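The values are calculated or read from the model by the stated rules, or taken from the named source; none is laboratory data. What you see is a predicted model, and the numbers here were worked out from it, not measured in a lab. Neighbour counts are summed over all protein chains in view; Cβ atoms, including those assigned to glycine, are modelled from backbone coordinates with ideal geometry. Just the protein is used for accessible areas: all its heavy atoms, side chains included, with ligands, DNA and RNA removed. Shrake-Rupley method; radii C 1.70, N 1.55, O 1.52, S 1.80 Å.
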Amino acid sequence: MLEDIRVECPYCGEDFDTAVDCSAGSQRYIEDCAVCCRPIEFQAEVDDAGNLISVTAHRDDD
């Protein structure tokens, strides 16, 4: 159950599209920016029904 989202890179500030796997529940993971290729730490919150509640993106060096 993938949900497409648009995020802003905390390094370069560019927006890009990515997908969150809501079937995995709430999670933290690292994905490279599609524009500048720097590692972004994502935190996705998913409810018990598998609906995406929120996604935050942070610099990996914060």
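What label, among (1) 12.4; (2) 11.8; (3) 14.1, belongs to Kirkwood radius over Cα pairs in Å computed from the structure on display?
Here the calculated entry is (2).
So, by mean Cβ neighbours within 10 angstrom, what's the order for 1-9, 36-44 with the highest one leading? If you can, show how the numbers build up before the last one.
On the way: 1-9: 13.3, 36-44: 15.3.
Sorting 1-9, 36-44 by mean packing, highest first, produces 36-44, 1-9.
How much accessible area per residue does the chain have, counting only protein heavy atoms and a probe of 1.4 Å, in square angstrom? Spell out each step's value before the answer.
Details: 3940 Å² over 62 residues.
Roughly 63 Å² per residue, with all protein chains present.
Taking all protein chains in place and a 1.4 Å probe, what share, in percent, of the accessible surface of the chain do carbon and sulfur account for?
Numbers: 1640 of 3940 Å².
Of the solvent-accessible surface of the chain, carbon and sulfur hold 42 percent.
Mind checking the full-extension length gain between residue 30 and residue 61? Use 0.36 nm per residue of separation minus the Cα-Cα distance, one decimal, nm. List each step's numbers first, then the result.
Details: separation 31, 0.36 × 31 = 11.16 nm, distance 1.17 nm.
In short, 10.0 nm is gained.
Calculate one ³J(HN,Hα) per residue across region 25-41 by plugging θ = phi - 60° into the Karplus curve 6.51 cos²θ - 1.76 cosθ + 1.60, and present them in order as whole Hz with x for glycine and proline.
Residue by residue, region 25-41 yields x, 5, 7, 10, 7, 10, 9, 6, 4, 6, 9, 9, 6, 8, x, 10, 8 Hz.
What are the residues whose amide H is under 5 Å from the amide H of residue 46, where those residues sit 5 or more places off or on another chain and H is modelled from the backbone?
For residue 46, whose amide H was placed from the backbone, the distant partners under 5 Å are 26, 27, 53.
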